[in-house]
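Shown next, in structure tokens, is the structure this report addresses.
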Amino acid sequence: MLAIVDSGGANIASVRFALERLGVQSELTADLAVIRAAARVILPGVGSAPEGMKRLQAKGLVDCVRGLKQPVLGICLGMQLLFDSSAEGEIASLGLVPGRVALLPQSPGITVPHMGWNTLDLKRPSPLLRGFDAATRFYFVHSFAGPVNEFTLASCEHGTAFAAVVQRGNFSGVQFHPERSGAAGAQLLKNFLEMPA
Amino acid sequence: MLARRLIPCLDVRDGRVVKGVQFRNHVDMGDIIELAQRYRDEGADEIVFYDITASSDGRTVSTEWVTRVAKVIDIPFCVAGGIRSLDDARKLLHSGADKVSLNSPAIENPALLGELAAEFGSQCVVVGIDSRAENGDYFVKQFTGDPTKTRGTRWRTVDWAREAQKLGAGEVVLNCMNQDGERKGYDLAQLKLVRAVLTIPLVASGGAGAPEHFRDVFRDAGVDAALAASVFHSGAIPIPKLKQYLATEGVIVRP
């Protein structure tokens with residue numbers, strides 16, 4: 001069973017629908033036991049980091065998520081929360097991937113939020129990136145992003161390079177929205193579902 | 001590098017897609033889901049669904065068809081029409097919409113933009129501006145979905161765009177009314193003016209009639225995305241061909 005962590009944020013339905021299109025049933029849940037027992041877990045999220053952490057705390061999910069041993073995929077804000085901290089609201093987050101999430105720098109010709117279809121700079125091979133190359137485009141919509149470091153599988157460039165796909169142990173994250181990235185996004189979700197546990 | 005976006009806009013009325021010229025004389029263009037799927041298959045980068053009479057009728061977008069769209073569509077979509085509260089927005093975002101676009105209600109209650117941004121993040125808060133050229137300047141119009149209810153506002157377009165950004169909007173769709181449905185090209189002068197005061201993405205709307213118009217609006221007005229309706233719906237400009245053309249003209253697009 002695949003659990004989608006019900007962090008109470010907006011747009012969680014889209015992830016579930018994307019999995020349905022792949023023929024995969026999922027359970028949207030905040031039940032600690034259900035999440036711990038799931039074969040795989042998705043941590044979605046749209047909105048601000050402080051609100052996202054507050055919701056996880058309110059539902060007692062912080063330690064639960066931190067302690068998961070099965071493959072976990074953070075999406076968008078869900079990925080940002082995997083890092084140590086965020087400049088958005090100056091908060092501590094889950095601390096599963098080192099680094100601090102920061103605001104993307106705006107400049108002439110570089111609008112923020114980073115909104116639209118962008119390519120990846122593939123840095124390390126991973127089953128999660130199977131089928132993608134430098135021309136594959138994914139849909140991004142965010143203003144904050146994590147730093148590129150040794151846990152970055154792929155980076156993206158928008159004014160500055162930032163972490164687009166991260167992985168540390170069983171925790172992975174994507175800054176883009178696979179559920180809204182057409183065929184490439186469906187492939188990413190498929191890759192996650194097929195990753196060795 | 002980030003690709004410029006092409007966005008078909010589906011005007012929705014009573015659950016069907018319609019199109020009028022300068023917001024008048026609407027004709028039926030087809031079923032929402034069918035058209036959404038067609039655009040997804042053709043390579044649209046995003047879709048906007050605009051319930052054209054929701055605002056003037058005093059109601060909001062129906063979540064019923066938003067959920068149906070979210071189930072079948074795997075590209076982002078934005079919904080617009082009569083969204084006037086946090087609760088309206090929450091229902092639509094929870095139904096699967098990626099963004100909500102506010103027009104008249106944002107003018108009546110600008111603070112709502114900040115509340116939406118704080119709750120959901122500014123990336124899903126779009127402000128639609130209907131703007132008309134008058135006496136050498138540009139002014140914001142309201143309730144443009146129904147010509148009998150359309151009226152002016154106190155806002156100069158440039159001032160309102162700047163204010164909306166300050167309050168928390170994450171994107172502006174600028175609909176240049178003088179151009180809408182006329183197919184004579186986007187209003188480059190006006191779009192350039194608004195582009196210059198914004199750091200958030202700007203979407204051009206109104207006037208697309210030929211592939212060159214898209215090239216010009218990306219190259220000369222520097223917009224992030226171009227929205228169009230009739231030229232896409234009628235098949236006059238197929239999106240795959242338009243993207244090929246733009247790529248040969250040096251505009252970065254998603255193939």
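Considering the range A:85-134, and only residues there that are among the aliphatic types (A, V, I, L, M) and in a loop (DSSP other than H, G, I, E, B), the residue that is farthest from the other protein chains (Cβ to nearest Cβ) turns out to be A:Leu96.
Conditions tested, residue by residue: (1) touching a residue at least 60 places away in the same chain (Cβ under 8 Å); (2) farther than 14 Å from B:Tyr138 by Cβ; (3) touching a helix residue (DSSP H, G or I) at 6+ places or on another chain (Cβ under 9 Å); (4) of a type in the set (A, V, I, L, M).
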residue: B:Val158; (1), (2), (3), (4): no, no, yes, yes
residue: B:Gly168; (1), (2), (3), (4): no, yes, yes, no
residue: B:Asp180; (1), (2), (3), (4): yes, no, no, no
residue: B:Ala196; (1), (2), (3), (4): no, no, yes, yes
residue: B:Arg215; (1), (2), (3), (4): no, yes, yes, no
residue: B:Ala228; (1), (2), (3), (4): yes, yes, yes, yes
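Considering the range A:15-31, the residues that are at the interface with chain B (Cβ under 10 Å from one of its Cβ atoms) and under 23 Å from A:Ala58 (Cα atoms) include one that is farthest from the chain's Cα centre (by Cα), namely A:Arg16. Return only the number of the condition from (1) on the phi < 0 side of the Ramachandran plot; (2) within 13 Å of chain A (Cβ to nearest Cβ) that B:Gly96 does not satisfy. Failed condition: (1). Do we have A:Ala184 as within 12 Å of chain B (Cβ to nearest Cβ), touching a Lys or Arg at 6+ places or on another chain (Cβ under 7 Å), surrounded by fewer than 22 Cβ atoms within 10 Å (Cβ to Cβ) and modelled with pLDDT of 95 or more here? Yes. Restricting attention to the range B:147-174, the residues that are among the polar types (S, T, N, Q) and modelled with pLDDT under 95 total 3. For the range A:135-156, residues that are within 13 Å of chain B (Cβ to nearest Cβ) and farther than 18 Å from A:Ala184 by Cα total 4. Among the residues making up the range B:203-255, those that are farther than 25 Å from B:Ala80 by Cα and among the acidic types (Asp, Glu) are B:Glu212, B:Asp216, B:Asp220, B:Glu249.
Every condition in (1) within 21 Å of A:Arg16 (Cβ to Cβ); (2) aliphatic (A, V, I, L, M); (3) assigned to a strand (DSSP E or B) is met by A:Ala154 except one, and the failing one is (1). Answer with yes or no whether A:Ile12 is under 26 Å from A:Gln187 (Cα atoms), under 13 Å from the mean Cα position of the chain (by Cα), within 14 Å of another protein chain (Cβ to nearest Cβ) and free of Cβ contacts under 8 Å to residues at least 40 places away in the same chain. Criteria met by A:Ile12.
Among the residues of the range B:77-99, those identified as in contact with a strand residue (DSSP E or B) (Cβ under 9 Å, 6 or more places away or on another chain) and either surrounded by fewer than 19 Cβ atoms within 10 Å (Cβ to Cβ) or in a helix (DSSP H, G or I) (or both) are B:Asp88, B:Ala89, B:Leu92, B:Leu93. Would you confirm whether or not the range B:57-76 contains a residue that is buried (at least 18 other Cβ atoms within 10 Å of the Cβ), touching a helix residue (DSSP H, G or I) at 6+ places or on another chain (Cβ under 7 Å) and touching a residue at least 60 places away in the same chain (Cβ under 8 Å)? No: the range B:57-76 contains no residue that is buried (at least 18 other Cβ atoms within 10 Å of the Cβ), touching a helix residue (DSSP H, G or I) at 6+ places or on another chain (Cβ under 7 Å) and touching a residue at least 60 places away in the same chain (Cβ under 8 Å). A single member of B:Val158, B:Val173, B:Val194 is among the aliphatic types (A, V, I, L, M), within 29 Å of B:Asp14 (Cα to Cα) and within 18 Å of the chain's Cα centre (by Cα), and it is B:Val173. Taking the criterion of being under 17 Å from A:Val65 (Cβ atoms), touching a Gly at 6+ places or on another chain (Cβ under 8 Å) and either assigned to a helix (DSSP H, G or I) or of a type in the set (Val, Ile, Thr) (or both), the residues of the range A:162-197 that qualify are A:Val166, A:Val174. Here the condition is being modelled with pLDDT under 90, more than 9 Å from every other protein chain (Cβ to nearest Cβ) and under 16 Å from the mean Cα position of the chain (by Cα); of B:Gly82, B:Gly58, it holds for B:Gly82 alone. The residues of the range B:114-128 include none that are surrounded by fewer than 24 Cβ atoms within 10 Å (Cβ to Cβ) and away from chain A (no Cβ under 14 Å).
Kindly indicate whether A:Leu103 is in contact with a Phe, Trp or Tyr (Cβ under 7 Å, 6 or more places away or on another chain) and surrounded by fewer than 15 Cβ atoms within 10 Å (Cβ to Cβ). Criteria met by A:Leu103.
Of the listed requirements (1) over 17 Å from the mean Cα position of the chain (by Cα); (2) on the phi > 0 side of the Ramachandran plot, B:Asp88 misses just one: (2). Under the condition of being in contact with a Leu (Cβ under 8 Å, 6 or more places away or on another chain), closer than 30 Å to A:Pro178 by Cβ and either facing chain A (nearest Cβ under 8 Å) or not in a helix (DSSP H, G or I) (or both), the residues counted in the range B:100-113 number 2.
The values are calculated or read from the model by the stated rules, or taken from the named source; none is laboratory data. Quantities reported herein were computed from a predicted structural model and do not represent experimental measurements. So basically every Cβ, Gly included, is an ideal-geometry build from the backbone, and we count neighbours across all protein chains shown.
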